[in-house]
1. When a/c is below 1.5 the answer is rounded, else prolate if a/b is larger than b/c, else oblate, so apply that to the chain with a ≥ b ≥ c taken from the square roots of the Cα gyration tensor eigenvalues.
2. At a Förster distance of 25 Å, what's the computed FRET efficiency of residue 19 paired with residue 164, Cβ-Cβ distance as r, to 0.05?
3. Take 234, 52, 131 and order them by how many other Cβ atoms sit within 10 Å, fewest up front.
4. Go ahead and run the numbers for FRET between residue 245 and residue 147, Cβ-Cβ distance against an R0 of 35 Å, rounding to 0.05.
5. Counting other beta carbons within 10 Å of each residue's own, what order do 137, 232 fall into, fewest first?
6. For 175, 127, which order do you get if you count the other beta carbons within 10 Å of each Cβ and list the fewest first?
7. Per-residue ellipticity at 222 nm for the chain, helices alone: DSSP H runs ≥ 4 residues times -39500 (n - 2.57), over residue total, nearest 500 deg cm²/dmol?
8. Relative contact order of the chain, please, whole-number percent, based on alpha carbon pairs below 8 angstrom and at least 6 residues apart.
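Read the figures in this text as sums done on the coordinates, not as results from a lab. Given the structure is predicted, the values throughout are model-derived calculations rather than measurements. Neighbour counts are summed over all protein chains in view; Cβ atoms, including those assigned to glycine, are modelled from backbone coordinates with ideal geometry.
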């Protein structure tokens, strides 16, 4: 378990996050709204990022050895929204290593973050999965409790709809600067080439946030407060300056609302986001 991370959700950080992905939704910008503005659900990833960056401070020196961290790749993401994030929210966030499992070619680590408001009420839960290439699990692994898993997607042949989205050449830089989710593989050609990539790649959470932007606009009537759950697996790389293809594969009714199943393809026709899932309230 980490030590607690205290954070104030600011209107500037909230608006900047939305601006970084070109999301002009009035829920994020129109502070004359009767209920005020809210923050994008994906802001949760920026709020927990400092715990990753300052891992020695929050986890202890031995929890994340440098040689291990150098091999990690963000593999999966899931966020459960217990209520919308709002500017001026004061949050305390705690994380713990929820599970470590052996995988082909490495190991999977799952970290769960719990965010609560000043009154101790839950605001969001995040499950961040990281794949550690070439790092072998010493045993059969362990999961500390029930792991969040989305419902299985129905069998479908044709997409409900498809939509092409252009990723501006500067999107990774703007996202880096506006969100604080900074890692040089996304902005430095020298660093990217040093790890075997020809060019920097777009942040996986940026691809996810852009996909969620479109799903909210097209399926939730532009109302992001309806987003209750979202999850995905990151599969392929997205290059800035290319087009991606968002495909809604299925839409089904649920007791809680509407379930959306989708995938996002990169410019090479490979899945950048697989097993995409969003639960919208009715």
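1. Values: a/c = 1.28, a/b = 1.12, b/c = 1.14.
Because its axes are fairly even, with a/c under 1.5, the chain counts as rounded.
2. Working: r = 22 Å, r/R0 = 0.87.
In this case the efficiency is close to 0.70.
3. Details: 234 24, 52 21, 131 18.
Taking fewest neighbouring Cβ atoms as first place, the list is 131, 52, 234.
4. Values: r = 30 Å, r/R0 = 0.85.
Efficiency, from the Cβ-Cβ distance: 0.75.
5. The order, fewest Cβ neighbours first, is 137, 232.
6. On the way: 175 28, 127 19.
Result, fewest neighbours first: 127, 175.
7. That calculation yields -6000 deg cm²/dmol at 222 nm.
8. Working: 593 pairs, mean separation 51.2, N = 282.
This gives 18 percent for the chain.
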